[in-house]
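Quick notes on the structure that follows.
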Amino acid sequence: MNQEQEDISYIKEALKGNQKAFHQLYLKYKQSLFMVCLRYAKDKSTAQDYLQESFITIFKNLNYYDPTKGAFESWAKRVTINACLMDIRKKPLYSISISHAEQMESTEINVLSDMSLKEMLAMIQELPQGYKTIFNMYVIDGFSHREIAEELQISINTSKTQLRKARLLLQKKILSNSQLYQQHHG
């Protein structure tokens, strides 16, 4: 039985009320969905809250999953992103301004290959919430600026500006970390 067939089997059982089947889906996807939550959250505690909300939403809406439209994992990821965004939308976060990031020149950075995924994730988590949300949606989750604007109820230009600022700030963090590394490791 392949992964999709296994998921469909668990889903059918869960829809019949079998809690163990849903628990199997939870165990199978909690780590990958937690990583999605972590990208949007300000810290691990918030990410855990997002994950819990995500699984509640997944469970409540399991009957809406359509295997003909894609894999369960993709559907669950989209539900998880939406759960994160629902909480983020409740907070005002798009008026953040970082003047020094706006003034920074765009530079080529070759240190990315030396960075671990964990280091990059930590830098993304340090971004202001608005920057982080749009960066994740656009760069990692593949949303268009139009989709971001609709999801977050902002203008397309705000989405583009926030993404530019997020990239500049990440660039500055990467450059700073690279210089610190070179100072300590020659």
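The values are calculated or read from the model by the stated rules, or taken from the named source; none is laboratory data. Since this is a predicted model, take the numbers as computed values, not measurements. Reconstructed Cβ throughout: ideal geometry from the backbone, glycine too, with neighbour counts over all protein chains shown.
Quick check: anything in the range 61-73 surrounded by 17 or more Cβ atoms within 10 Å (Cβ to Cβ), closer than 24 Å to residue 151 by Cα, outside the structural domain of residue 136 (by TED's automatic domain parsing) and not aliphatic (A, V, I, L, M)? Give the derivation first.
Taking the range 61-73 as the starting set, the residues that turn out to be surrounded by 17 or more Cβ atoms within 10 Å (Cβ to Cβ) are 62, 65, 72.
Applying the additional criterion that residues be closer than 24 Å to residue 151 by Cα yields 62, 65, 72.
Narrowing the set further to residues that are outside the structural domain of residue 136 (by TED's automatic domain parsing) leaves 62, 65, 72.
Still in the running and not aliphatic (A, V, I, L, M): 65, 72.
So far as the range 61-73 goes, yes, one or more of its residues are surrounded by 17 or more Cβ atoms within 10 Å (Cβ to Cβ), closer than 24 Å to residue 151 by Cα, outside the structural domain of residue 136 (by TED's automatic domain parsing) and not aliphatic (A, V, I, L, M).
Any chance the range 32-44 includes a residue that's assigned to a helix (DSSP H, G or I), more than 29 Å from residue 129 (Cβ to Cβ) and not assigned by TED's automatic domain parsing to the domain that holds residue 141? Break it down stepwise before answering.
Of the range 32-44, the ones assigned to a helix (DSSP H, G or I) are 32-40, 44.
Still in the running and more than 29 Å from residue 129 (Cβ to Cβ): none.
No - not one qualifying residue is present in the range 32-44.
Please verify whether residue 135 is in a helix (DSSP H, G or I) and without any contact (Cβ under 8 Å) to a residue 60 or more places away in the chain, treating the condition exactly as stated.
So residue 135 passes the test.
In the range 88-100, is there at least one residue being in a helix (DSSP H, G or I) and modelled with pLDDT of 75 or more?
Yes, the range 88-100 contains a residue that is in a helix (DSSP H, G or I) and modelled with pLDDT of 75 or more.
Could you give me the residue pairs with C-beta distances under 6 Å whose first residue belongs to the range 163-186 and is surrounded by 13 or more Cβ atoms within 10 Å (Cβ to Cβ), whose second residue is at pLDDT 90 or above and among the aromatic types (Phe, Trp, Tyr) wherever it lies, and which are 6+ apart or on separate chains?
Final answer for the pair search is 163/138; 165/131; 166/131; 166/135.
Among what's in the range 31-55 and is basic (Lys, Arg) and surrounded by fewer than 16 Cβ atoms within 10 Å (Cβ to Cβ), pick the residue that is farthest from residue 138 (Cα to Cα).
44
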